[in-house]
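Q: Have a look at this one.
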Amino acid sequence: MQQTVRYLSHPQVLIDPAIPVQNWSLTDFGKERVAALATSGALIGTQRVISSAETKAIETAAPLAEALGCPLEIREAMHENDRSATGFLPPEEFECVADQFFAKPYESVRGWETAIAAQNRIVSEVQECLRTNKAGDVLFVGHGGVGTLLFCYLSGCRISREFDQGPGGGGYYFEFAGPQAKPNSRWQPLENLID
């Protein structure tokens, strides 16, 4: 029986410049999207739910794990690309720096973790988790940036923001069949799992 592995990015977050980005929570709308997925039965067959340690990822993963009756596994190294050198950036400035992050993967843009280092980290985490998987589908819950880097690696594509998740603040997924399998599609809204 073929295993399905999904990578899901957290949905919309409450942006608060006074709070460290890794501690941001989901908006009410983001929580509603997660609740709809949790109660839909779309993830039946998932035996493991593995999350980044960031608050927004845990707030996404925990209701899904509970609905599935799975323990929630938290992996510190699944965090988003390290942007602590700049902290919060206004949206327009953030988008500009994010463009550079993807365009120059071997360079640290304004002190950010390089894209290649972030890619190596997320790929290593996912592969390690899948090496120890016994049976059943696996759900990784994380972030759009490192998720896109994982997508590029699995697809055999160069690092490029061209492969980033869609607009709207997150809540996208892609799936693949094992540690070295290519994703079967680009990022899709989580609602596509429910429909």
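Q: What 222 nm value per residue comes from the helices of the chain, counting each DSSP H run with n ≥ 4 as -39,500 (n - 2.57) and dividing by all residues, nearest 500 deg cm²/dmol? Write down the numbers at each step before the final one.
A: Values: 6 runs with 73 residues, N = 195.
My calculation for the chain gives -11500 deg cm²/dmol from helical runs alone.
Q: For the chain, rounded, prolate or oblate, judged on the Cα gyration tensor with a ≥ b ≥ c (square roots of eigenvalues), a/c < 1.5 rounded, else prolate if a/b > b/c?
A: Oblate.
Q: Rounded to whole Å, give me the distance from the Cα center of the stretch 70-110 to that of the stretch 137-174.
A: Each part's Cα centre sits 13 Å from the other's.
Q: Could you give the spread of the C-alpha atoms of the stretch 90-195 along their three principal axes, from largest to smallest, in whole angstroms?
A: Taking the Cα atoms of the stretch 90-195, the three principal extents are 42, 31, 20 Å.
Q: Looking only at the chain, where both bridge partners belong to it, what percent of the DSSP beta bridges are antiparallel (to the nearest 5)?
A: If we restrict to bridges inside the chain, about 35 percent are antiparallel.
Q: If you place +1 on the Cβ of every Lys and Arg, -1 on the Cβ of every Asp and Glu, and leave all else neutral, what size is the dipole of the stretch 1-122 about its Cα centre, to the nearest 20 Debye? Walk me through the intermediate numbers first.
A: Numbers: 10 positive and 16 negative charges, 86 e Å.
That gives the stretch 1-122 a dipole magnitude of about 420 debye.
Q: Using the Cα gyration tensor of the stretch 23-94, with a ≥ b ≥ c the square roots of its eigenvalues, what is the shape: rounded (a/c below 1.5), prolate (a/b larger than b/c) or oblate (neither)?
A: oblate
Q: For the stretch 137-195, just say rounded, prolate or oblate: build the C-alpha gyration tensor, square-root its eigenvalues into a ≥ b ≥ c, call rounded for a/c under 1.5, and beyond that prolate if a/b exceeds b/c, oblate if not.
A: oblate
Read the figures in this text as sums done on the coordinates, not as results from a lab. As the structure is a prediction and not an experimental result, all values here were calculated from the model. Quick reminder, even Gly has a Cβ in these numbers, built from the backbone with ideal geometry, and neighbours come from all protein chains shown.
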